[in-house]
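Below is one structure, written out as structure tokens, with a few remarks after it.
Each reported figure results from applying straightforward, stated rules to the coordinates on display, with no laboratory input. Computed from a predicted structure; not experimentally measured. Note: ideal-geometry Cβ built from the backbone for every residue, glycine included; neighbour counts use all protein chains shown.
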Amino acid sequence: MNVRSQVSMVFHLDKCIGCHTCSIACKNIWTDRKGTDYMWWNNVETKPGTGFPTRWEDQDKYKGGWEKKNGSINLKSTDKKRIVLNIFHNPHMPSMDDYYEPWTYDYQNLFTAKEGPDQPTALPVSKITGEQINVESGPNWDDDLGGSPIYAANDPNLDGLTQDQKDQLQAIERLVFFYFPRICNHCLNPACVASCPSGALYKRGEDGIVLIDQKKCRAWRSCVSACPYKKTYFNWFTGKSEKCILCFPRVETGQAPACFHTCVGRIRYLGVLLYDADRIEEVANLPDEELIEGHRSLILDPHDPEVIKAAKKNGIPDSVVASAQKSPIYKFVIEWRIALPPHIEYRTMPMLYYVPPMSPVMAVRQGETIEHVSDNLFHDIEDARIPMKFLANLFGGGHEAKVAYALRKQKAVRWYRRAVTVGDVTMEIAKEMLNQADCTVEEAEEIYRLTSLCTFEERFVIPPSHREEAIEMTQDPHERRQSTGFGFLSGPRRGL
Amino acid sequence: MIGIENKFNKSTQVKRYRDIKFLVGALMVLGAFPLVASAQETAAYFKQNCYSCHTIGGGRLVGPDLKDVSNRKDRDWLVRFILNPQAMIDRGDPYAKQILEEARGVVMPPVAGLSRDRADQILDFIEVESALEKSQFEGMKFSDRPFTPADVALGHALFTGREKFKKGGPPCISCHTVRGLTLLGGGRLGVDLTKVSERIGGRKPLSAWLVSPATVTMQPVFRNNPLDAEEILPLVAYFEDAAKQSGDDDSVAPLAFFLMGLAGMVLVLGLFDVIWKNRFRGVRRPLVAGGEMRTSI
Amino acid sequence: MDNAQHYFDQLLFGVAPYLALIIFFLGTIQRYRAQAFSYSSLSSQFLENKRHFWGMVPMHYGILFVLAGHVVAFMFPRQLLAWNGHPVRLYILEITALIFGLLTLLGLVTTLVRRFAFSKLRTVTSTADVVLHLLLLVQVGSGIYVAVTCSWGSSWFAASASPYLWSIITLDPDITYVLAMPFAVKLHIVNACLVIGFFPFTRLVHILVIPNPYLWRKPQVVRWNRAPGTKG
């Protein structure tokens, strides 16, 4: 057992209101420099939708992540052989066209325009060339199903849905969507790290944050194609890749990352997980249907004396173990099993989990009448407006059981709370539902508390940093703002 | 003689290029060019650089016999001519022109490492040698047996490099062509050698010339690995034969070569296109362009 | 021989290579020490990736083959001459080399045109890039010209250029090998010195950081922040 600690995350999608506050907080701190204008280390996508960059989940085109081949896992397009041959032109790298050309507006024109018959306008100008452009796309161009006949209709997660299910997603008056905020998953088996020819990408031993060493990055660009989530971005100005750093300067000083801190819906949780680093490869190699269980099996029980002993042996401070014992992530992922990794089939072992969203109350059209009632306690889960298959494609690696489990438990908790506070559901039925959803009254109370009443301290259990042992941690986090990358003494500038 | 020659090669080389040695060289380029040569060294120099075209009292080769050359023109003229023959001809000097005519248009190539002092020493040396009963540079002895077809074949093989030169010199085809040689001809860095025998003046001068080829480019290449007597004879045989055959004009060979390269390039580009046929060509633009607004998913 | 001409030749072929090499080594080392951040290939594929393919792939594969050819001729002149001992083999080698030379030229031209055809790319094109492109165009252009009109380069390189280059690296330059070469060959040599001397001030430095350890490292990289000695 090789115990390591990982700062990991849960996004509770049932609470996300799609306000993009997280994206803006991140942009203001990290990506308002030249070359990073188009990057959204944190972005919020509407599902169904094509996301950012467009259709990033379509791995037939983008060829990111790992694939199982001849009994072992290989990078889909960025293994060593191919990187060597493809180093001059990366054949699976999206260009700016597939993200968007960042722009601003020529506000000056509002003041300096000559007098004329029309109101002056502020025309869009490219932030790259400074020339006027036709804005064709943006980071959330299909927000709230905008342009859905093109975008939502082409969501790769619709694969395998029946025509009925697709119609149901789209039908007028029953239109349904949910939000899908994304940051770097800080994976256990990161494809970006594995693919980097320079070895510039690395996972920090202490907290598992995946970073790019800006001095070692040589713009070979393989991380951009390797990451199946398209969360490494190429800075076209400095010629270096950059990615979400989980606000490590904030985390090290005990603050929640900016996107977490500002989250209006309080959907975000952060805490430590202990995992067994020796078993990563073995688990990443499991058959598709066993991946989610395998992924969970990597995570160790922080209360287990054996684990604590092994953690100590590995140099993990007691304070971090204590933090892991209070981790909300452990509860969501392991104890309650209602948080699921996104697209586990990419086999990068992401450490950001999602609680799948509930759909609006179900209404089934039967002939001319609309039927709300059913004898089946969970009928609105199984026949949810967001088809189970769609959620399974996103969070279940294509398999519905785990998603159904998470949704059933969520529904049972709601009905249990309804029985407690409103009383229009009998406690008998509520308990029956809890029973059917593999949940106890105590667990339901706990889920309710951490979902609805959670305080800042409950949501973010940030492990203490041990500054006395650290190098990077001794610098003032505010010095890092506006700098390219992190930990520079000399000013970063574009090469000749 | 061999021993002296080797010593010469090393010592002059060192002296001649002392001024451009690393770092010191950079500073000394504008400085003096020190050269102090003994009679022995001058003899070796003559053998290396002049003897393939000139004898002293042995009659004409490519260039004139240099016996008593000092009586023909004054020292200043001779020095100027040795230093830059082409310039004298260009200036229209009548005697220089006469020399050119006698040599059937072969201009004396510029000699590497020649200086005013060196030219003076050589002329002094020639005067001394001319005074002798029999100069050591009266001319080399070559077999004058008639050429056989086997000689011609061997010469051809030596020219193309199929037969290697014993001392390791590069084959003629590297830089020279002869009409009717093979498909794409020989090299074109040096001159076309089809009529070389005629130009140089026949079997004997050509043989002498090949003993130590004296052009600036060939000299360093063959200085340490000269042709062997048994190699010179078949080569001359081949040149004479080639002049007689005088194959087709192959001046289109470079164009053919270039076009073959061009065709190959197109092929390789096609190959690249096939190897990377699944390369990423963009997702958003085609999606938006091809996605007619459907009314349902 | 004219003295001024003589010193000029010495300068071009006897001194310039050393100046170029000195600048190359001092420049690249100092740049790495002071501005490691600037060691990047500065790829522009992100801004434009269609022409990029037709520029980068032919250029890099072309130049790699051609450079390898130069190195082989430099290191193993005798073996090369032995290979060229048969005219058919000589022709095969020469045509292959020409193909790759032409690929390089095509790639360079595509790259240069592409840089100016797209306004996004103009914003990331520096003066150094333009100068470098022009130098490389001269280098590849003169190389192809020499290959076609002064054949057969692969053979006489081994006979004349190899000893010249050896004389340079053994610090005993003998420029007689190249003195009487045609203008295009001399241009090729002098321009090579320019490219080498200009190298540290361009994006070419990315050649020096080709990622060889990548081939044998483990897929995952973990770095510990702890002070050395602590278990990690």
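Rounded to the nearest 0.05, what FRET efficiency do C:Val72 and C:Ile210 give with R0 = 22 Å and r taken as the Cβ-Cβ distance? Could you check?
0.70
For the protein assembly as shown, what does the equivalent ellipsoid look like in terms of its semi-axes, each the square root of 5 times an eigenvalue of the Cα gyration tensor, given largest first in whole Å?
80, 29, 26
Quick one: A:Lys231, A:Lys47, A:Lys15, fewest Cβ neighbours within 10 Å first, how do they rank?
Arranged by neighbour count, lowest to highest, A:Lys231, A:Lys47, A:Lys15 become A:Lys15, A:Lys47, A:Lys231.
How big is the stretch C:45-192 along each principal axis, measuring the range of its Cα positions in Å and listing the largest first?
Answer, in whole Å and largest first: 49, 34, 25 Å.
Relative contact order of chain A: what whole-number percent is it, with Cα pairs under 8 angstrom and at least 6 residues apart?
Contact order relative to length: 21 percent.
Report, in degrees rounded to the nearest 10, the 0 to 90 angle that the Cα long axis of helix C:16-34 makes with the longest principal axis of chain C.
0 degrees
Taking 7 Å along the Cα-to-C-beta vector as the label spot, tell me the B:Trp77-A:Arg418 distance in nanometres, rounded to one decimal.
Going by the 7 Å Cα→Cβ label model, 12.5 nm.
Over the stretch B:149-245, consider all pairs of different Cα atoms and compute the Kirkwood hydrodynamic radius from their mean reciprocal separation; express it in Å, one decimal.
13.1 Å
Whose amide H sits under 5 Å from the amide H of A:Trp103, counting only residues 5 or more places off or on another chain, with H placed in the peptide plane?
A:Lys127
First measure r as the distance between the Cβ atoms of C:Phe183 and B:Asp144, then evaluate 1/(1 + (r/R0)^6) with R0 = 30 Å and state the FRET efficiency to the nearest 0.05.
Efficiency at R0 = 30 Å is approximately 0.15.
If the chain between A:Asn376 and A:Lys68 were fully stretched, how many nm would it gain, using 0.36 nm times the residue separation less the Cα-Cα distance?
Between A:Asn376 and A:Lys68, full extension yields an extra 107.0 nm.
If the cut-off is 19 Å between C-alpha atoms, which aspartates and glutamates fall inside it for A:Lys80, apart from same-chain ones fewer than 8 positions away?
A:Glu67, A:Glu281
What is the set of long-range amide H partners of A:Val355 at a cut-off below 5 Å, with H atoms built 1.01 Å from backbone N?
For A:Val355, whose amide H was placed from the backbone, the distant partners under 5 Å are A:Phe11, A:His12, A:Leu13, A:Leu340.
Angle, helix C:183-198 long axis vs. longest principal axis of chain C, Cα atoms, 0 to 90°, nearest 10?
Between helix and principal axis, roughly 20 degrees.
Just report the Cα centroid separation between the stretch A:425-462 and the stretch B:224-285, whole Å.
80 Å
Step through the residues of the stretch A:336-344 one at a time and calculate ³J(HN,Hα) from phi using the Karplus curve (6.51 cos²θ - 1.76 cosθ + 1.60, θ = phi - 60°), rounding each to whole Hz and writing x for Gly and Pro.
Computed from phi, the couplings for the stretch A:336-344 are 9, 6, 10, 10, 10, x, x, 6, 4 Hz.
Run the quick spin-label model on B:Met260 and B:Lys97: label points 7 Å from Cα toward the beta carbon, then report their separation in nm to one decimal.
In this crude spin-label approximation the distance works out to 4.5 nm.
So for the pair A:Glu335, B:Gln136, with labels modelled 7 Å out along Cα→Cβ, what separation do we get in nm?
Taking the two extended label points, one gets 10.6 nm.
Taking the beta-carbon count within 10 Å as an exposure proxy, list A:Leu453, A:Leu270 from fewest neighbours to most.
Arranged by neighbour count, lowest to highest, A:Leu453, A:Leu270 become A:Leu453, A:Leu270.
Please report A:Tyr353, A:Tyr105, C:Tyr91 as a ranked list, fewest other C-beta atoms within 10 angstrom at the top and most at the bottom.
With the fewest neighbours first, A:Tyr353, A:Tyr105, C:Tyr91 line up as A:Tyr105, C:Tyr91, A:Tyr353.
Given a Förster distance of 30 angstrom, what is the FRET efficiency for A:Leu85 paired with A:Asp60, based on the Cβ-Cβ distance and rounded to 0.05?
0.90
Pulled fully out, how much extra length does the chain show between A:Tyr448 and A:Lys309, if you take 0.36 nm times their separation in residues and subtract their Cα-Cα distance?
Going from the current span to full extension adds 46.8 nm.
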